[in-house]
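The values are calculated or read from the model by the stated rules, or taken from the named source; none is laboratory data. The shown structure was predicted, so the numbers you read here are calculated from the model rather than taken from an experiment. Heads up, the Cβs are rebuilt from the backbone with ideal geometry, glycines too, and the neighbour counts pull from every protein chain shown.
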Amino acid sequence: MKLPHRSPVVLAAFLSLTSFASGAAQSCAGDVDADGIVNGADLGALLSNWGPVTADPNSVACDLDGNGEVNGADLGFLLSNWGGCPAPVVPVWATLVDAQPDPAVVTDPALRAAIVSTGLAWRVLDTATQIEMLLVPPGTFQMGCIMGSDAFVCYGEELPVHEVTLTKAFYLGRDEVTQAQWQARMGSNPSGFQGFPDSPSRPVEQVSWNTIQGFCSATGMRLPTEAEWEYACRAGTTTPFYNGSTDDGTLGTLAWYAPNSGNRTHAVGGKAPNAFGFRDMLGNVMEFVNDGAGDYPAGAVTDPTGSIFGASRVTRGGSYLGESAVRSSFRGNADPGWTFEFIGFRVARTP
């Protein structure tokens with residue numbers, strides 16, 4: 001069986017926690033039938049798949065050490081984890097929605113396995129703001145414009161492509177922060193696109209990087225780093241769009257952008273999510289991240305936080321006005337005090 005190309009972190013998780021035939025994520029190593037307990041059912045499955053690993057998902061799930069053979073080592077590993085799986089950890093600031101990643105949302109078994117391996121709950125609400133957040137696991141990826149789309153080439157600020165390793169899991173808002181969420185916390189709504197029936201569910205805009213810091217201080221949240229943003233946006237892909245395609249004609253299913261937006265924002269969550277479950281990371285509004293604007297490094301980096309020089313702050317994802325800018329690698333920037341009707345943000349939290 002040929003496994004998909006993944007980072008070492010994600011691949012290791014895939015080999016030890018791959019889903020069983022049902023497609024559900026294992027709750028812990030050895031729970032091959034994903035029922036939350038390592039018991040006789042898992043033992044029976046392992047013994048029935050004894051021998052070289054095949055393409056059968058049952059066989060893959062039973063290869064607990066990922067060496068291509070279901071054998072005594074896997075049996076010992078299963079027996080050492082006998083009993084109930086520990087419940088995923090829910091951060092103190094959060095309310096649990098789903099402990100394990102939903103296979104209908106996180107469709108890639110490697111990504112599900114990486115999420116489960118953190119021991120943290122997958123889907124939560126920030127209790128104070130009721131903002132829905134999804135867990136992003138650690139991993140390694142290629143950052144920058146790996147390839148252009150069929151219609152648009154890479155731009156200089158998206159280069160060089162470089163390897164980035166993120167060593168810590170983090171939570172990220174499933175959607176852009178909405179007008180209603182901003183007003184509930186800040187007491188006013190600066191957005192230009194008000195007065196529509198769905199305005200409360202549209203992304204807040206005309207917020208500067210500086211005023212966003214006030215929202216973050218009031219909620220205990222933060223802006224994601226640029227590397228965290230792109231890793232979460234790509235969700236394992238290397239293509240310009242997170243559906244795995246270079247075809248600009250497919251972008252309308254993912255994003256509100258110039259050809260389909262009517263030159264206005266739209267309620268969040270209306271387009272297809274990426275493989276982590278995040279929505280509107282392309283289009284609708286560009287999103288401020290924490291980093292100062294600057295050139296990319298030439299070599300591999302770990303947990304980068306961006307440039308400390310210059311006044312501008314990075315924006316990502318493109319907007320309802322864009323077309324060539326609406327891709328996973330595109331980088332814009334804006335003065336931290338400026339506001340625009342096409343720039344908003346989404347929040348991150350440390351577990």
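Here are some notes:
- Failed item, numbered, when Gly148 is tested on (1) in the same structural domain as Thr305 (by TED's automatic domain parsing); (2) within 20 Å of Pro224 (Cβ to Cβ); (3) touching a Pro at 6+ places or on another chain (Cβ under 9 Å): (2)
- Candidate set from segment 71-82 (those that are among the hydrophobic types (A, V, I, L, M, F, W, C) and closer than 12 Å to Leu43 by Cβ); member that is surrounded by the most Cβ atoms within 10 Å (Cβ to Cβ): Leu78
- Once segment 211-235 is narrowed to residues that are among the hydroxyl-bearing types (Ser, Thr, Tyr) and part of a helix (DSSP H, G or I), the residue that is farthest from Met133 (Cα to Cα) is Thr211.
- Contact map, segment 35-59: first residue under 18 Å from Trp82 (Cβ atoms) and assigned by TED's automatic domain parsing to the domain that holds Ser80, second residue surrounded by 13 or more Cβ atoms within 10 Å (Cβ to Cβ) and acidic (Asp, Glu), Cβ cut-off under 6 Å, separation 6 or more or different chains; pairs are Val38/Asp31; Ala41/Asp33; Asp42/Asp33.
- Taking the criterion of being assigned to a loop (DSSP other than H, G, I, E, B), touching a helix residue (DSSP H, G or I) at 6+ places or on another chain (Cβ under 6 Å) and within 26 Å of Gly277 (Cβ to Cβ), the only residue of segment 168-201 that qualifies is Ser191.
- Scanning segment 183-201 for residues that are assigned by TED's automatic domain parsing to the domain that holds Gly292, of a type in the set (Asp, Glu) and under 25 Å from the mean Cα position of the chain (by Cα) turns up nothing.
- Highlighted here are the strands (runs of 3 or more DSSP E) found entirely within segment 96-167 that include at least 1 residues which are acidic (Asp, Glu): 123-126, 132-136, 162-166.
- Note on segment 90-110: among residues that are aliphatic (A, V, I, L, M) and surrounded by 14 or more Cβ atoms within 10 Å (Cβ to Cβ), the one that is nearest to the chain's Cα centre (by Cα) is Val106.
- Selection from segment 40-70 of residues that are out of contact with any strand residue (DSSP E or B) (no Cβ under 7 Å at 6 or more places or on another chain), assigned to a loop (DSSP other than H, G, I, E, B) and surrounded by 12 or more Cβ atoms within 10 Å (Cβ to Cβ): Thr54, Asp56, Leu64, Asp65, Gly66, Asn67
- Flag for Val161 being surrounded by fewer than 18 Cβ atoms within 10 Å (Cβ to Cβ), of a type in the set (Val, Ile, Thr), under 29 Å from Leu111 (Cα atoms) and in the same structural domain as Thr246 (by TED's automatic domain parsing): yes
- Enumeration of residues in segment 297-328 that are at pLDDT 95 or above, over 18 Å from Gly144 (Cβ atoms) and of a type in the set (A, V, I, L, M, F, W, C): Leu321
- Qualifying residue in segment 202-210 (condition: under 22 Å from the mean Cα position of the chain (by Cα), part of a strand (DSSP E or B) and either in the same structural domain as Val326 (by TED's automatic domain parsing) or crowded, with 18+ Cβ neighbours inside 10 Å (or both)): yes
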